[in-house]
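Enquirer: Take a look at the following structure, please.
The values are calculated or read from the model by the stated rules, or taken from the named source; none is laboratory data. Just so it is clear, the model here is predicted, and its values are computed rather than measured. With ideal geometry, Cβ positions are generated from the backbone for all residues, glycine too; neighbour counts draw on all protein chains shown.
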Ligand SMILES: [Fe+2]
Ligand SMILES: [Fe+2]
């Protein structure tokens with residue numbers, strides 16, 4: 001059974017996804033749902049191939065599927081969601097019997113995600129990405145379709161952080177943007 005199916009069988013994981021969906025159901029801005037996590041995985045796996053990196057698709061997938069679970073704590077008590085996500089992910093990765101080395105790498109990436117940068121600079125620097133942290137940061141930000149977002153004007157992201165349509169802005173094709 002693949003790792004996503006195994007993760008989805010864990011009650012803690014399902015419970016998180018349900019709670020997040022419930023909390024964010026009227027949110028005008030980007031959600032932190034399964035679609036977001038799967039988009040992050042898709043972009044991360046694409047970028048790994050582009051850059052010829054050795055991380056397994058499974059590692060990148062786990063990292064993406066777990067990185068925002070702590071949004072629940074952030075909404076409920078103002079806690080830093082990266083730390084809350086890492087704590088939860090630690091338990092889930094142990095349940096999945098992921099090796100200690102892989103678990104550490106994933107947790108490090110989860111703890112350090114979430115700092116947005118200028119999207120154009122990120123795009124032009126993408127070929128230098130070598131780490132799982134780098135993959136997650138890039139895929140997390142670029143997973144957002146700001147170019148067709150209705151809440152774009154009210155969004156707290158700086159204009160230069162918002163994600164453009166890559167084909168129009170950079171004249172390059174990517175398989176993960178519609
Ligand atoms: Fe996040
Ligand atoms: Fe995220």
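Enquirer: Would you please name the residue that is surrounded by the most Cβ atoms within 10 Å (Cβ to Cβ), looking only at residues in the range 85-100 that are touching a residue at least 40 places away in the same chain (Cβ under 8 Å), away from ligand 2 (no atom under 16 Å from the Cβ) and part of a helix (DSSP H, G or I)?
Expert: Ranking the qualifying residues of the range 85-100, first place goes to 92.
Enquirer: Go over the candidates 82, 103 one by one and state the one that is part of a helix (DSSP H, G or I), away from ligand 2 (no atom under 16 Å from the Cβ) and either without any contact (Cβ under 8 Å) to a residue 60 or more places away in the chain or surrounded by fewer than 18 Cβ atoms within 10 Å (Cβ to Cβ) (or both).
Expert: Matching residue, one of 82, 103: 103.
Enquirer: Here is a follow-up. Could you check the range 152-178 and list, in sequence order, the residues that are in contact with a helix residue (DSSP H, G or I) (Cβ under 9 Å, 6 or more places away or on another chain), surrounded by fewer than 11 Cβ atoms within 10 Å (Cβ to Cβ), at pLDDT 95 or above and in a loop (DSSP other than H, G, I, E, B)?
Expert: Across the range 152-178, the qualifying residues are 172, 173, 175.
Enquirer: Select from the range 1-26 the residues that are more than 14 Å from ligand 1 (Cβ to nearest atom) and not in a helix (DSSP H, G or I) and write down the one among them that is modelled with the lowest pLDDT.
Expert: The residue in question is 1.
Enquirer: Hey, residue 69 hits all of (1) at positive phi; (2) surrounded by 19 or more Cβ atoms within 10 Å (Cβ to Cβ) but one; which does it fall short on?
Expert: Of the numbered conditions (1) at positive phi; (2) surrounded by 19 or more Cβ atoms within 10 Å (Cβ to Cβ), the odd one out for residue 69 is (1).
Enquirer: From the set of residues in the range 25-34 that are under 16 Å from residue 149 (Cα atoms) and away from ligand 2 (no atom under 11 Å from the Cβ), which is surrounded by the most Cβ atoms within 10 Å (Cβ to Cβ)?
Expert: That would be 29.
Enquirer: Identify, please: which residue in the range 121-151 is in a helix (DSSP H, G or I), farther than 23 Å from residue 31 by Cα and touching a helix residue (DSSP H, G or I) at 6+ places or on another chain (Cβ under 7 Å) and is, among those, farthest from ligand 2 (Cβ to nearest atom)?
Expert: Out of the qualifying residues, it is 127.
Residue by residue, here is whether (1) within 15 Å of ligand 1 (Cβ to nearest atom); (2) under 26 Å from residue 6 (Cα atoms) holds:
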| site | (1), (2) |
| --- | --- |
| 65 | yes, yes |
| 79 | yes, no |
| 93 | no, yes |
| 96 | no, yes |
| 136 | yes, yes |
| 151 | no, no |
| 161 | yes, no |
